[in-house]
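Worksheet for the structure shown next.
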Amino acid sequence: MSTRLSFDRFEGKGKQIAVLVADDGATLDVPRSLLPSGAKPGDVLSFSLELDPGATAKLAQETRRLQDDLSKRDPGGDIKL
C-alpha cells in the first residue's frame, strides 16, 4: 500500500515532529529523523507500508519464549499470559 502525503510543517519541542497530510485531510505525525534528507514543508512524499511475515514470525517466537520464561518464574501461578 502506498500513498502520497504532503509535508505541511514541523511541530513540537525543537521542531522534531513532521506533520504530513494525506489527500483526504488525515494527518500523520512522524519523527523528523524519518524524513528523507532535504525534505521541507511543501514537499510531497510517497509513503508505503508492507507486511513483513518473517519479522512477524520472529517476534511471535520471541514473545512465546519470553512468556514461557515468565511462567517458569511464577511459582504461584498468578501471572496470566
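The values are calculated or read from the model by the stated rules, or taken from the named source; none is laboratory data. Computed from a predicted model, the values in this text were never measured in an experiment. Because the Cβ atoms are built from the backbone with ideal geometry, glycine has one as well, and the counts that use them run over all protein chains shown. What goes into the accessible areas is simple: the full protein's heavy atoms, side chains included, and nothing from ligands, DNA or RNA. Shrake-Rupley method; radii C 1.70, N 1.55, O 1.52, S 1.80 Å.
With a cap of 11 neighbouring Cβ atoms within 10 Å, and only residues DSSP puts in a loop, list the GluC sites (Glu not before Pro) found in the chain.
Details: sites: 11, 50, 62; in loops: 50.
Passing sites in the chain are 50.
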Hull volume per residue for segment 4-44, using the convex hull of the C-alpha atoms, in Å³ is 61 Å³
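What does the extension gain come out to for residue 57 and residue 43, with contour length at 0.36 nm per residue minus their alpha carbon separation?
Details: separation 14, 0.36 × 14 = 5.04 nm, distance 3.61 nm.
Net length gain for the segment: 1.4 nm.
Using +1 on the beta carbon of Lys and Arg, -1 on that of Asp and Glu, and nothing else charged, what's the dipole of the chain about the Cα centre, debye to 20?
Values: 12 positive and 13 negative charges, 62 e Å.
That gives a dipole near 300 debye.
Using just the alpha carbons, could you tell me how many Å³ per residue the convex hull of the chain encloses?
Values: hull volume 14.3 nm³, N = 81.
Output value, Cα hull per residue: 177 Å³.
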Taking 10 °C and 1.306 mPa s as the conditions, I'd like the Stokes-Einstein D for segment 26-66 in µm²/s, using the Kirkwood hydrodynamic radius from alpha carbon pairs. 117 µm²/s
Candidate cut points under trypsin sites (Lys or Arg not before Pro) in the chain, DSSP loop plus at most 14 other Cβ atoms within 10 Å of their own Cβ, are 73, 80
Positive-end residue, the chain charge dipole about Cα centroid, Cβ charges, pick of 2, 41, 22: 41
Residue-normalised accessible area of the chain, given per residue in Å² at a 1.4 Å probe: 80 Å²
Measure off 7 Å from each Cα along the Cα-to-Cβ vector at residue 32 and residue 4, then give the distance between these two points in nanometres to one decimal. 2.7 nm
Could you tell me how many degrees, from 0 to 90 and to the nearest 10, lie between the Cα long axis of helix 53-72 and the main elongation axis, the longest principal axis, of the Cα atoms of the chain? 40 degrees
